[in-house]
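Report on one structure; see the data block that follows.
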Amino acid sequence: MKNTPVFTKIPQNPQDPEYLKALSVMSPFEIKSALIKMADKKARLSTDTFLNAGRGNPNWLLTHPRKAFFLLGQFAMEESERDLYDDNNGIAASPTQDGIADRFKKFLYVNRDRTGAKVLAEFYQHAIADLGADPDEFVYELVDGICGDHYPTPDRILKYTEVICREYLRWAMGGRDDMSQYDLFATEGATAGMCYTFTSLKENYLLNRGDKIALFTPCFTPYLEIPHLREFGLEVVNISANDTEKDGYHTWQYPKEEIDKLRDPSVKAVCITNPSNPPSVCMDPEVLAQLVDVVKNDNPHLMIITDDVYGTFIEGFRSLMYELPYNTLCLYSYSKYFGATGWRMAVMALRHDKNVFDDLIAALPEERKEELNKRYSSMSMDVSKLRFIDRVVADSRLVALNHTAGLSTPQQIQMALFSSYAYLHRNELQPALIGLVQKRLNDLWKGTGIELQPDPYRAGYYSEFDMMLWGRKLYGDDFAEWLNKNYQPLDAVVRLASETAIVLLNGDGFDGPKWSVRTSLANLDSDAYMRIGEAIRGVLEKYHEEYIEVTKK
């Protein structure tokens, strides 16, 4: 069966084994399209409510920094209209820097009762008093940036935006009092950053066809797919958390024998989602300590790429960028915490003074260096001093268009406002957002009738329910063997869609347990999750009822 008919024509019986077999080779995000059609049809033909908990798009957003953004836009228009070329058609000159900070303060005073003005005043005061920004230069960056009338300069990230985002990232990633300087590259989401990183690793001969790369699994599906693409052709070593259990529950931590796979120095890089997706659990201190030991003693040149977007949903989260700063390139997206998937905003962070990526480039054979000198010669008279992160920026525009690289400046200004607001209000905002997802998580598991054990390393942004593990625990080994023999794992999410109008994703599409289903706790109101939990348990009970009827046990 070809891919296209999977979406254009769903069979009368969507549980048809041949249809499920064709569906199972696709990404869970593509399977979702078929599940949505099934669920929508069920909702239209019944009293069931269509519930889509398949994708992690949050149904919240932070209004205060957005109000600040839009009010800042009003000030920027006033600044532009100080010098008009054509009043009738609204053609104005670009804003000027001289005296702009005083005019900004007057504007904030006039609008002092508005929420956006209060956020902007706090933002301005923090940047000037605490971060040492020059008043006119800082406000001009905001105004010029939100107008979007110049190319991003510097192209990697705007000057003060980097300072502000760096401060937030240090807090969000558990840097605490570590003031190590990280260079940031603002990208169109963390996935763009991952694509750019892989491209530059290839172009700079840090990863070559046939090289080994490790993936911590379960993980975000595209990261499973990228190494196998024709342009990379990498050999993948899986570091799996699927089999770790405690008291019948998955812990989603990585066993020692899995981490030890990284001791092999032929494993050149590792790609990590931390907290994981979909289990949504971060590495505990024991796993972090073992990983540090592996790198320090056996694989000191291991390149670590970590996507830590869910870290802010765990109080006290600690990123590898602070555990193994020399080896780690960190990607952080603003999509989830700020309810901003549509903004496409993220940063790539790499230690400024010394990192493994720059050192490996410096150690390349001379013939490789000569090739790279030609590739990047339009950017620098001394390519040897061109850092990896700046090569990533250039490669994002095929080098030739480096002068037009960079995230759009209005996006960067909103990113700075998000960063400052979340940092300054961290003691109120983080508990509120954590509480929001934890309430939904607890409602989901309450619906299943199974008690969820507390876990300080669980973010709760997603939850993965392993039908096989719980089927075995609730109904015994014979039932589990019967289920696995008579049904395909994808049958569970198809049943949920076609029989209850609920869309979840198949966990095996993330290299999770084959019979697991992933629920996003981000995109529905809390009362929906009790029903989803009941539906998950209902599907498992129907399997058991059929098992009793067929086997007469």
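For this structure, a couple of remarks:
Residue by residue, here is whether (1) more than 30 Å from ASN242 (Cβ to Cβ); (2) out of contact with any Gly (no Cβ under 8 Å at 6 or more places or on another chain); (3) surrounded by 22 or more Cβ atoms within 10 Å (Cβ to Cβ) holds:
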{"residue": "ALA400", "(1), (2), (3)": "yes, yes, no"}
{"residue": "MET415", "(1), (2), (3)": "yes, yes, yes"}
{"residue": "SER420", "(1), (2), (3)": "yes, yes, yes"}
{"residue": "LEU429", "(1), (2), (3)": "yes, yes, no"}
{"residue": "VAL437", "(1), (2), (3)": "no, no, yes"}
{"residue": "LYS446", "(1), (2), (3)": "no, no, no"}
{"residue": "GLU464", "(1), (2), (3)": "no, no, yes"}
{"residue": "MET467", "(1), (2), (3)": "no, yes, yes"}
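- PHE69 being of a type outside the set (D, E, K, R), on the phi < 0 side of the Ramachandran plot and surrounded by 19 or more Cβ atoms within 10 Å (Cβ to Cβ): yes
- Flag if SER94 is closer than 29 Å to ILE532 by Cα and at pLDDT below 95: no
- Residue list for the range 36-66, restricted to those being buried (at least 18 other Cβ atoms within 10 Å of the Cβ) and either part of a strand (DSSP E or B) or among the hydroxyl-bearing types (Ser, Thr, Tyr) (or both): LEU51, ASN52
- A count restricted to the range 265-280 and to residues that are surrounded by 15 or more Cβ atoms within 10 Å (Cβ to Cβ) and within 22 Å of MET303 (Cα to Cα) stands at 11.
- Which listed residue is assigned by TED's automatic domain parsing to the domain that holds TYR326 and under 30 Å from HIS250 (Cβ atoms), from GLY210, GLY174: GLY174
- Helices (runs of 4 or more DSSP H) lying entirely in the range 341-458 (those with 2 or more residues that are touching a helix residue (DSSP H, G or I) at 6+ places or on another chain (Cβ under 6 Å), of a type in the set (Phe, Trp, Tyr) and under 30 Å from LEU62 (Cβ atoms)): 409-424
- Hey, VAL503 in the same structural domain as LYS42 (by TED's automatic domain parsing), touching a residue at least 12 places away in the same chain (Cβ under 8 Å), buried (at least 24 other Cβ atoms within 10 Å of the Cβ) and among the β-branched types (Val, Ile, Thr) or not: yes
- Lone qualifier among LEU441, LEU433 - being at pLDDT 95 or above, in the same structural domain as ILE502 (by TED's automatic domain parsing), under 19 Å from MET173 (Cβ atoms) and buried (at least 17 other Cβ atoms within 10 Å of the Cβ): LEU433
- Checklist (1) surrounded by fewer than 17 Cβ atoms within 10 Å (Cβ to Cβ); (2) part of a helix (DSSP H, G or I) applied to HIS150, failing item: (2)
- Any hit, the range 541-550, residues being basic (Lys, Arg), over 30 Å from GLY339 (Cβ atoms) and in the same structural domain as GLN488 (by TED's automatic domain parsing): yes
- Residue match in the range 63-77 (condition: at pLDDT 95 or above and closer than 30 Å to PHE29 by Cα): yes
- Any hit, the range 305-317, residues being at pLDDT 95 or above, touching an Asp or Glu at 6+ places or on another chain (Cβ under 6 Å) and in a loop (DSSP other than H, G, I, E, B): no
- Flag if ASP284 is under 25 Å from HIS228 (Cβ atoms) and surrounded by fewer than 24 Cβ atoms within 10 Å (Cβ to Cβ): no
- CYS195 being under 29 Å from VAL383 (Cβ atoms) and either assigned by TED's automatic domain parsing to the domain that holds ASP395 or touching a helix residue (DSSP H, G or I) at 6+ places or on another chain (Cβ under 9 Å) (or both): yes
- Scanning the range 326-340 for residues that are outside any loop (DSSP other than H, G, I, E, B) and among the small types (Gly, Ala, Ser) gives a single hit, SER333.
- On the stretch given as the range 352-381, residues that are at pLDDT 95 or above and either buried (at least 23 other Cβ atoms within 10 Å of the Cβ) or aliphatic (A, V, I, L, M) (or both) total 8.
- Number of the condition not met by VAL517 [criteria: (1) outside any strand (DSSP E or B); (2) in contact with a helix residue (DSSP H, G or I) (Cβ under 9 Å, 6 or more places away or on another chain)]: (1)
- Count of the range 267-285 residues, restricted to those that are closer than 12 Å to TYR457 by Cα and either aliphatic (A, V, I, L, M) or part of a helix (DSSP H, G or I) (or both), is 3.
The values are calculated or read from the model by the stated rules, or taken from the named source; none is laboratory data. Given the structure is predicted, the values throughout are model-derived calculations rather than measurements. Using ideal geometry, Cβ is built from the backbone for each residue, glycine included, and neighbour counts are taken over all protein chains shown.
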